[in-house]
Amino acid sequence: MPDLSKPALVWFRNDLRLSDNPALMAASASGRPLIAVYVLDDENAGAWAMGGASLWWLHHTLASLAQNLEAIGGSLILKRGKADEMIPALADETGAAAVYWNRAYEPWAIARDTQIKAALTQASIEARSFNGSLIVEPWEIATKQGKPYKVFTPFWKSLKASHRPADPIAAPAELSFAAPPTSDRLDDWALLPTRPDWAGGLRQMWSPGEAGAQTRLTTFIAEGLSDYDTGRDKPAVRGTSFLSPHLHFGEISPRQVWHAIEASPQGQGEDADSYLSEIAWREFSYNLLYHFPSFPEDNFQPRFDHFDWTGTDADFAAWTRGLTGYPIVDAGMRQLYETGWMHNRVRMIVASFLVKDLFIHWRRGEDWFWDTLVDADLASNAAGWQWVAGSGADAAPYFRIFNPVSQGEKFDPDGDYVRKWIPELAKLPRRVIHAPWTADRATLAQAGVTLGLDYPKPIVDHAEARQKALAAFAKIKDAA
């Protein structure tokens, strides 16, 4: 008979919740007392260590998880360092007989976790991992030829037809915990910005943690789902779920979201299907990351290696600061800096502008998003940038170049989004709000706008940039 007095470690990662947590449930079912631990592993993550906005979120969601564990008699042990050293050492220190965790899919995490599992097994410590982040594991879905999907639509059809998510697991009412080992203090990690404290907008907009995630989901189903198919493209309205950071940190699982959507009054309609396809796009992104681990760094289509990126640092700086002279672009970049998030339609517009108007490599945009997004997710971030650049799997055609003026006029027709994030243009009439350089002097004067002083003139002519981009992309079209 096994000695059930020896504890089991539950290693929390991007699964910072108690409900629908397979690793936690399996550890509880083992009959052993539990020790819950989180390791902040910056070293193994390397270039993909969390950026500033993600660290802000991490602080608050760890505090929330700790409170939830304390409410059922436990505590959260915090350690900072290389997890391949911390986890085996903690298992040895506590005499743990088993370690349970939910899988991560970043290439560096897979390599690390494989090493940890081997080390634990060699030490006669049970090591078990589970799927707590995806509807379907990347190795469980494939084309008829047994190959990974590279096109989203057939992936989505296969997911719907053959991989309906299992029912989510309710949070445990009680758990048995072992005496906790020593822990770092969360405040000592200094994850929050201080000088300057740029997180005021984040605090105003977000409530990290499992409860915040459930509230977001409930609010979206009640207020946004019934008009999602059209509302999702309008950045001035609350037409999206705002669940992306909650999903990334695992405060809610995709199958919890999926089942809640299907169980809602609108659950079988076009709007629900449209929203679930966005959950599937996240799955598709992880599918690409798993099967093509260099995806975040390298062009998926090698011919883009021959593209001549001629953009300047000055133009990149203007883009990051929301000072390009194109209101829909600048509004998005300012929303990002203020809130740690940007509307998905606007993400496509600003990405296209960086790559195809300013001729700046998509990797620089990906890196900026990585540092500034609260939902900075390696798979989704890389897939989105490569899609816009035209270099990725199932990417937008290279000749699809978003016109920032017409995009603004189509999806923000009254200019409400621009007025919110660029208050210096708030008094411009809607006919020129997306192209203030076309306004006559009287209109600008009446709105209190002096171009080049209150708001910049366009740093590039879009029509000229478009022709330049088409010619440059055409050169590499047939490259090997």
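Just so it is clear, none of the values below were taken in a lab; they were calculated from the coordinates. Given the structure is predicted, the values throughout are model-derived calculations rather than measurements. Because the Cβ atoms are built from the backbone with ideal geometry, glycine has one as well, and the counts that use them run over all protein chains shown.
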Point to revise | Karplus (6.51, -1.76, 1.60) ³J(HN,Hα), θ = phi - 60°, over the range 216-222, in Hz, Gly and Pro reported as x | key: 4, 5, 4, 5, 4, 4, 6
Revision key, fill the gap. To the nearest 20 debye, the range 8-132 has a Cα-centred charge dipole, built from +1 on Lys and Arg Cβ and -1 on Asp and Glu Cβ, of 180 debye
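So between Glu297 and Ser124, what do we pick up on full extension, going 0.36 nm a residue minus the alpha carbon distance?
Fully extending the segment from Glu297 to Ser124 adds 58.5 nm.
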Check your understanding: Quick one: Cα centre-to-centre distance for the range 402-480 and the range 288-349, in angstrom?
Key -> 17 Å
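Can you give the extra length, in nm with one decimal, that the chain gains between Val151 and Lys420 once fully stretched, where that is 0.36 nm per residue apart less the Cα-Cα distance?
Numbers: separation 269, 0.36 × 269 = 96.84 nm, distance 3.66 nm.
This chain segment gains 93.2 nm when fully extended.
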Study note, to complete from the structure: Ranked on Cβ counts within 10 Å of their own Cβ, fewest leading, Trp139, Trp368, Trp387 go Trp139, Trp368, Trp387
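Which ordering of Met25, Met50 is given by a fewest-first count of other beta-carbon atoms within 10 Å? Show your work: numbers first, answer last.
Numbers: Met25 21, Met50 18.
Final ranking by Cβ density, sparse to dense: Met50, Met25.
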Practice item. Please list, in chain and number order, the residues 5+ apart from Asp20 or on another chain whose amide H is under 5 Å from its amide H, with Hs placed from the backbone. Key: Ile169, Ala170, Ala171
Check your understanding: Under 5 Å between amide H atoms, partner at least 5 residues away or on a different chain: which partners does Tyr455 have, H built in plane at 1.01 Å?
Key -> Thr450
Practice item. Step through the table entries Lys234/Lys356; Lys150/Lys457; Lys420/Lys475, compare each Cα-Cα distance with 30 Å, and write down the pairs that go over it. Key: Lys150/Lys457; Lys420/Lys475
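Estimate the FRET efficiency between Gln204 and Arg430 by the formula 1/(1 + (r/R0)^6), using the beta-carbon distance for r and 25 Å for R0, to the nearest 0.05. Don't skip to the answer; put the middle values down first.
On the way: r = 27 Å, r/R0 = 1.09.
According to the calculation, E is roughly 0.35.
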Revision key, fill the gap. Put in order of increasing Cβ neighbours within 10 Å, starting from the fewest, Val418, Val460 give Val460, Val418
Study note, to complete from the structure: Residues whose built amide H sits under 5 Å from the amide H of Phe177, excluding neighbours closer than 5 in sequence, are Leu34
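Taking R0 as 45 Å, what FRET efficiency do you get between Thr215 and Lys475 from their Cβ-Cβ distance, rounded to the nearest 0.05? Write out the running numbers ahead of the final one.
Working: r = 50 Å, r/R0 = 1.12.
Using R0 = 45 Å, I get an efficiency of 0.35.
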Check your understanding: Hey, what do the phi angles of the range 107-114 turn into as Karplus ³J(HN,Hα) couplings, whole Hz, using 6.51/-1.76/1.60 and θ = phi - 60°, x for Gly and Pro?
Key -> x, 5, 6, 4, 4, 5, 5, 4
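Quick one: if the Förster radius is 51 Å, what FRET efficiency do Ala263 and Leu4 give, using the C-beta to C-beta distance and rounding to 0.05?
On the way: r = 37 Å, r/R0 = 0.73.
E(calc), rounded to 0.05, equals 0.85.
Among residues other than Ile169 whose Cβ falls under 11 Å from its Cβ, what is the net charge (Lys/Arg +1, Asp/Glu -1)? Mind dumping the intermediate values first?
Details: positive: Arg17, Arg255; negative: Asp20, Asp167.
Charge balance near Ile169 sits at 0.
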Check your understanding: Any idea how far the Cα center of the range 114-186 sits from the one of the range 17-66, in Å?
Key -> 14 Å
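Using helices alone, I'd like the mean residue ellipticity at 222 nm for the chain: each DSSP H run of four-plus residues gives -39500 (n - 2.57), total over residue count, nearest 500. Mind showing how you got there, number by number?
Details: 21 runs with 222 residues, N = 480.
Helices in the chain give a 222 nm mean residue ellipticity of -14000 deg cm²/dmol.
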Point to revise | Virtual spin-label span in nm between Ala47 and Lys82, 7 Å along Cα→Cβ | key: 2.0 nm
